[in-house]
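K.L.:
Mind looking over this structure? Questions follow.
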Amino acid sequence: FEKRFGSELKIKEYGKPTTETFQYAERLLKGQWKNVIDRIHMVGDNPSGDIRGANNAGAHWTSNLVRTGVFVGGENDPTDP
């Protein structure tokens, strides 16, 4: 790309676990709820997407791993618990 166009290709990722996805969800929740939201729970079955995303989204996010669906194994993922 750089050789052809003379500039670096800019990449924008979307989806989990990008921070923007969780910020968007938070804005939607705050727009629909009239009370102060001080805790948001992410319930998911994918340690590298759901859990990592919630863990990186801020202190007010709590990740909750369900051991169904994508999750396989008996113990929490060592990288994204």
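K.L.:
What are the residues in the range 61-73 that are of a type in the set (Val, Ile, Thr) and part of a loop (DSSP other than H, G, I, E, B), if any?
P.N.:
VAL66, THR68, VAL70, VAL72
K.L.:
Only one residue in THR21, THR68 is in contact (Cβ under 8 Å) with a residue 12 or more places away in the chain and more than 16 Å from the chain's Cα centre (by Cα). Which one? Explain how you work it out, then say what you get.
P.N.:
Numbers: THR21 fails: more than 16 Å from the chain's Cα centre (by Cα).
One residue alone meets the criteria, THR68.
K.L.:
In the range 26-60, which residue that is touching a strand residue (DSSP E or B) at 6+ places or on another chain (Cβ under 6 Å) and part of a helix (DSSP H, G or I) is most open to solvent (accessible area, probe 1.4 Å)?
P.N.:
So the residue we want is ASN55.
K.L.:
Could you check how many residues of the range 54-65 are free of Cβ contacts under 8 Å to residues at least 24 places away in the same chain and either touching a helix residue (DSSP H, G or I) at 6+ places or on another chain (Cβ under 6 Å) or of a type in the set (Phe, Trp, Tyr) (or both)?
P.N.:
The number of residues fulfilling the criteria is 2.
K.L.:
Looking only at the range 5-18, count every residue that is in contact (Cβ under 8 Å) with a residue 24 or more places away in the chain, open to solvent by 40 Å² or more (accessible area, probe 1.4 Å) and not charged (D, E, K, R) and tell me the total.
P.N.:
Count: 1.
K.L.:
Look at ASN76 and say whether it is open to solvent by less than 100 Å² (accessible area, probe 1.4 Å) and not in a loop (DSSP other than H, G, I, E, B). First the steps, then the outcome.
P.N.:
Values: open to solvent by less than 100 Å² (accessible area, probe 1.4 Å): yes; not in a loop (DSSP other than H, G, I, E, B): no.
When the stated conditions are applied, ASN76 does not pass them.
The values are calculated or read from the model by the stated rules, or taken from the named source; none is laboratory data. Every value quoted in this text rests on a predicted model; they were computed, and no experiment measured them. A quick note on method: Cβ atoms are made from the backbone with ideal geometry, for glycine too, and the neighbour counts reach across all protein chains shown. Keep in mind that these areas ignore ligands, DNA and RNA; they rest on the heavy atoms of the full protein, side chains included. Shrake-Rupley method; radii C 1.70, N 1.55, O 1.52, S 1.80 Å.
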